[in-house]
Number of protein chains: 2
Amino acid sequence: MDLLTLDTNTLLHFQKQLQLKYAHYKGKNLKLNMSRGKPCPEQLDLSAGLLEGLDGVFQAADGTDCRNYGGLEGLPEARHLFAELLEVEPEEIIVHGNSSLALMHDLLARAMLFGVDGQESPWSRHPVKFLCPSPGYDRHFALCELFKIEMITIPMRDDGPDLDRIEELVAKDDSIKGIWCVPKYGNPTGITYSDQVVTRLAKMKTKAQDFRIFWDNAYAWHDLTAKSDRLKNILTACKEAGHPDRVYIFSSTSKISYAGAGLAMVATSRANLERLKKQLALQTIGPNKLNQLAHVRFFKNADQVRSHMEKHAAIIRPKFDLAFKIFRTELGDKNIATWSEPRGGYFISFNTLPGCAKQVVQMAAAAGVELTNAGATFPYGNDPQDQNIRIAPTYPPLKELQTALELFAVCVQLVSVEQILQRRKFTPERLPEQNTAQIV
Amino acid sequence: MDLLTLDTNTLLHFQKQLQLKYAHYKGKNLKLNMSRGKPCPEQLDLSAGLLEGLDGVFQAADGTDCRNYGGLEGLPEARHLFAELLEVEPEEIIVHGNSSLALMHDLLARAMLFGVDGQESPWSRHPVKFLCPSPGYDRHFALCELFKIEMITIPMRDDGPDLDRIEELVAKDDSIKGIWCVPKYGNPTGITYSDQVVTRLAKMKTKAQDFRIFWDNAYAWHDLTAKSDRLKNILTACKEAGHPDRVYIFSSTSKISYAGAGLAMVATSRANLERLKKQLALQTIGPNKLNQLAHVRFFKNADQVRSHMEKHAAIIRPKFDLAFKIFRTELGDKNIATWSEPRGGYFISFNTLPGCAKQVVQMAAAAGVELTNAGATFPYGNDPQDQNIRIAPTYPPLKELQTALELFAVCVQLVSVEQILQRRKFTPERLPEQNTAQIV
């Protein structure tokens with residue numbers, strides 16, 4: 001039944017039913033969380049033995065004592081492994097600490113203080129803007145706010161951000177210094193950039209000579225199905241386009257091994273890497289090499305990482321499937337919501353009717369189910385349509401997830417019905433209403 | 001025999017002997033390193049079982065799964081342990097990654113970008129100067145160079161930096177925003193600041209309201225003898241003086257557990273810590289909690305850390321003793337060198353006759369013994385007297401160390417003799433010469 005065209009009496013009756021259901025869930029005193037992309041304990045268990053596997057042998061392949069100082073760019077065998085996985089050369093990657101966010105933050109901080117290209121032109125001397133394809137990752141946007149970088153929202157299409165808009169903007173405005181991208185199984189959209197999008201990002205003419213792509217490939221190997229998305233290699237594309245230094249590729253094992261105790265990495269041109277190494281030499285004594293050694297010993301090679309990821313998928317795919325099933329069953333024919341059904345990553349991007357997202361999140365919270373803040377997926381926490389909600393289904397156990405999702409579906413319906421009824425009060429002539437929710 | 005007053009003929013004869021000795025060492029094709037304060041493998045072996053000790057149990061005392069995300073300020077039990085050791089409250093400390101240098105770098109970077117006191121007055125907007133007690137730690141000075149902070153050299157006295165000079169400078173110049181201190185078993189001097197020095201640093205009137213002490217307490221528990229130096233608590237002193245936010249205390253377990261895979265920490269006022277936590281929340285997913293858990297399980301309590309440090313001392317004290325013995329035997333009565341004989345830390349501060357240090361380091365390098373660069377212990381790598389050399393005796397095995405130190409003593413004598421002879425050429429009237437080498 002299409003709620004938008006349902007007659008008001010039936011709608012009022014349906015509202016009553018929903019209110020009863022909501023009250024029922026509220027009475028359960030739930031305390032469930034679907035707010036962050038956290039692996040669940042069963043996923044973490046997949047890496048059992050990783051640390052213990054060192055077993056008192058601390059020498060890397062080249063004889064380095066991993067307990068001692070040294071080795072800024074990461075262990076050679078760790079660089080080799082993740083270079084293969086990211087399809088770059090070992091000389092194009094630094095394997096570092098446990099947080100790719102920290103690598104991004106630090107690169108941005110250095111750009112503000114020193115610039116990015118050795119020309120000693122600190123970004124902070126002039127206004128700086130970043131392009132922010134949205135819905136996107138809230139922590140990227142938070143970094144822009146921290147560094148007082150003005151954010152320009154770029155709409156997302158089915159195959160990545162709107163390149164027409166991007167090309168137009170970067171061609172004329174040299175204060176646009178960068179763009180945030182989660183190019184594979186995007187957070188939260190689940191979208192993987194098409195080859196054409198990657199090529200255009202690499203090729204486009206930018207007025208700022210020091211324009212940089214912050215390519216957060218956090219879900220590079222995080223397929224949910226056997227049919228994985230393929231992402232075109234942007235470093236190669238940038239080289240071919242004559243912009244070899246344009247991109248920083250970030251990734252980590254946070255959702256491969258241990259979320260809080262994995263390895264983070266940045267891949268980029270040799271020139272960028274040399275510059276980064278000089279700065280890292282002043283910043284730190286180097287990464288924790290013991291953790292790198294433990295990872296390399298545990299995963300051995302790229303194939304084993306890939307088969308390890310299949311084990312992750314086997315644990316979390318049922319959670320995504322459950323969400324899709326509940327959404328289809330409860331919301332499928334009601335014309336009040338759309339959602340992504342990604343083939344990988346950690347999120348479902350859910351769109352309500354315009355103007356409903358905040359209220360849905362509040363209602364769910366009032367009944368004990370915590371969701372990512374509505375608006376978080378947009379710059380400045382401001383979703384202009386107030387309709388996008390990021391669903392993170394990986395952490396809760398299936399049974400709790402089911403309760404949380406069912407409650408969520410009730411909240412979506414209830415808020416939608418209220419909004420439809422509210423609108424009718426002020427729209428006495430019954431025009432067929434439009435569903436403006438868009439797939440993102 | 002006092003080389004300064006020795007007659008020229010005897011001196012020429014002695015020079016010949018030294019040249020033969022030097023040639024002998026050079027013929028050995030040595031490859032020895034006394035340049036950095038690195039623990040030796042036997043010291044690292046003291047922490048055997050640290051990582052393996054987790055044994056698949058990853059829950060912290062409060063139930064936190066240390067494998068997953070979360071916990072910006074460090075595990076409660078880690079904060080508790082190091083708070084006790086640093087004599088601060090657990091709420092006054094953050095236990096973080098493996099590099100206290102990174103904590104210093106990042107605090108300085110944030111100060112440049114955002115200021116330190118919530119007034120949004122970035123240091124980078126105006127010229128910034130730092131006081132640099134010298135000889136000091138080259139990596140501190142490198143950070144100043146990186147951030148274009150002008151360094152003002154402050155002479156070291158027997159009980160810490162020259163406070164008369166410091167008080168005079170900070171009282172009148174509001175561009176002086178900070179001071180670097182290694183207050184206990186200083187790098188390289190080995191000096192521990194007296195209570196009076198600590199009190200005056202805490203109390204002094206600074207024209208800059210946002211003046212900060214960067215208190216690098218890297219050797220807080222690193223006694224070489226049973227009689228340990230006691231360092232007055234600067235955080236308490238700052239509170240008592242009405243400047244609670246003046247100091248950041250840094251330390252790490254790099255020379256307790258694993259040099260490259262330990263824990264670093266910063267202790268400061270609650271207000272500073274709250275500010276720092278907000279910034280860390282944007283920078284990183286948090287520290288590697290598994291490593292913190294492993295450390296806490298391994299060390300258990302403060303007493304065990306202290307007794308662990310006795311084991312370190314038992315390994316490295318003989319290396320210091322060997323250096324003292326060789327220096328006394330070879331240089332003791334020659335009036336051409338002075339050196340510190342510290343009760344803790346990782347270094348011996350060695351002073352040649354003025355104008356000899358660079359040449360000594362070069363000669364030693366030419367014979368295969370690498371020392372810290374002459375000048376490194378002063379701002380801009382420029383020792384105005386060219387006389388200070390930092391000796392780091394901890395890493396080489398005793399036998400190699402002996403060879404390296406003996407060669408070093410030959411180089412010191414040879415360069416000194418050459419300089420004395422050179423001087424006499426231009427000083428035909430034989431006046432008694434003065435030894436201007438000073439203990440640092």
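Go through the residues of region B:234-244 one by one and say whether even a single one is in a strand (DSSP E or B) and more than 24 Å from residue B:44 (Cβ to Cβ).
no
Considering each residue of region B:59-83, count those that are more than 10 Å from chain A (Cβ to nearest Cβ), of a type outside the set (D, E, K, R) and outside any helix (DSSP H, G or I), and give that number.
Residues of region B:59-83 that are more than 10 Å from chain A (Cβ to nearest Cβ), as a first pass: B:59-63, B:72-83.
Still in the running and of a type outside the set (D, E, K, R): B:59-61, B:63, B:72, B:74-76, B:78, B:80-83.
Restricting the remaining residues to those that are outside any helix (DSSP H, G or I) gives B:59-61, B:63, B:72, B:74-75.
Residues that pass the stated criteria total 7.
Just checking, how many residues over region B:253-276 are assigned to a helix (DSSP H, G or I) and aromatic (Phe, Trp, Tyr)?
Counting residues in region B:253-276 that are assigned to a helix (DSSP H, G or I) and aromatic (Phe, Trp, Tyr) gives 0.
Conditions tested, residue by residue: (1) buried (at least 17 other Cβ atoms within 10 Å of the Cβ); (2) in a loop (DSSP other than H, G, I, E, B).
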position: B:383; (1), (2): yes, yes
position: B:393; (1), (2): yes, yes
position: B:396; (1), (2): yes, yes
position: B:401; (1), (2): yes, no
position: B:405; (1), (2): yes, no
position: B:408; (1), (2): yes, no
position: B:412; (1), (2): yes, no
position: B:419; (1), (2): yes, no
position: B:422; (1), (2): no, no
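Search region A:84-115 for residues being crowded, with 24+ Cβ neighbours inside 10 Å and part of a loop (DSSP other than H, G, I, E, B), and hand back the single one that is farthest from the other protein chains (Cβ to nearest Cβ).
Among those residues, the one meeting the criterion is A:96.
I'm trying to understand the selection: among the residues of region A:1-35, which are basic (Lys, Arg) and crowded, with 17+ Cβ neighbours inside 10 Å?
A:21
Considering only residues that are of a type in the set (Phe, Trp, Tyr) and in a loop (DSSP other than H, G, I, E, B), look in region A:329-378 and name the one that is nearest to residue A:405 (Cα to Cα).
Going through the qualifying residues, I end up with A:347.
Yes/no matrix, rows are residues, columns are (1) within 19 Å of the chain's Cα centre (by Cα); (2) over 30 Å from residue B:317 (Cβ atoms):
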{"position": "B:158", "(1), (2)": "yes, no"}
{"position": "B:162", "(1), (2)": "yes, yes"}
{"position": "B:171", "(1), (2)": "no, yes"}
{"position": "B:197", "(1), (2)": "yes, no"}
{"position": "B:207", "(1), (2)": "no, yes"}
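Looking only at region A:48-58, filter to residues that are touching a residue at least 60 places away in the same chain (Cβ under 8 Å) and at the interface with chain B (Cβ under 7 Å from one of its Cβ atoms); which one of those is farthest from residue A:259 (Cα to Cα)?
Applying the filter and picking the extreme gives A:54.
List every residue pair whose Cβ atoms sit under 7 Å apart, with the two residues 6 or more apart in sequence or on different chains, where the first one lies in region A:23-47 and is acidic (Asp, Glu) and the second, anywhere, is modelled with pLDDT of 95 or more.
A:42/A:315
Test of understanding: among B:250, B:298, which residue is farther than 22 Å from residue B:92 by Cα, buried (at least 17 other Cβ atoms within 10 Å of the Cβ) and more than 12 Å from chain A (Cβ to nearest Cβ)?
Working: B:250 fails: farther than 22 Å from residue B:92 by Cα.
None of the others qualify; the one that does is B:298.
Residues of region B:292-309 being without any contact (Cβ under 8 Å) to a residue 60 or more places away in the chain, part of a helix (DSSP H, G or I) and of a type in the set (D, E, K, R), which ones? Spell out how you get there, then give the answer.
Residues of region B:292-309 that are without any contact (Cβ under 8 Å) to a residue 60 or more places away in the chain, as a first pass: B:300, B:303-304, B:307.
Pick out the ones that are also part of a helix (DSSP H, G or I) and you get B:303-304, B:307.
B:303 - this is the single residue of region B:292-309 that is without any contact (Cβ under 8 Å) to a residue 60 or more places away in the chain, part of a helix (DSSP H, G or I) and of a type in the set (D, E, K, R).
Among the residues of region A:383-405, are any on the phi > 0 side of the Ramachandran plot and either in contact with a His (Cβ under 8 Å, 6 or more places away or on another chain) or modelled with pLDDT of 95 or more (or both)?
Looking through region A:383-405, at least one residue is on the phi > 0 side of the Ramachandran plot and either in contact with a His (Cβ under 8 Å, 6 or more places away or on another chain) or modelled with pLDDT of 95 or more (or both).
Has region A:302-310 got at least one residue that is over 25 Å from the mean Cα position of the chain (by Cα) and more than 30 Å from residue B:257 (Cβ to Cβ)?
no
When you look at residue A:313, is it among the small types (Gly, Ala, Ser) and modelled with pLDDT under 95, yes or no?
no
Quick one: how many residues across region B:116-146 are in a loop (DSSP other than H, G, I, E, B) and acidic (Asp, Glu)?
Restricting attention to region B:116-146, the residues satisfying the condition of being in a loop (DSSP other than H, G, I, E, B) are B:116-122, B:126-128, B:135-137.
Retained after the next criterion (residues that are acidic (Asp, Glu)): B:117, B:120.
The number of residues fulfilling the criteria is 2.
The values are calculated or read from the model by the stated rules, or taken from the named source; none is laboratory data. All values derive from a computational prediction rather than experimental measurement. A quick note on method: Cβ atoms are made from the backbone with ideal geometry, for glycine too, and the neighbour counts reach across all protein chains shown.
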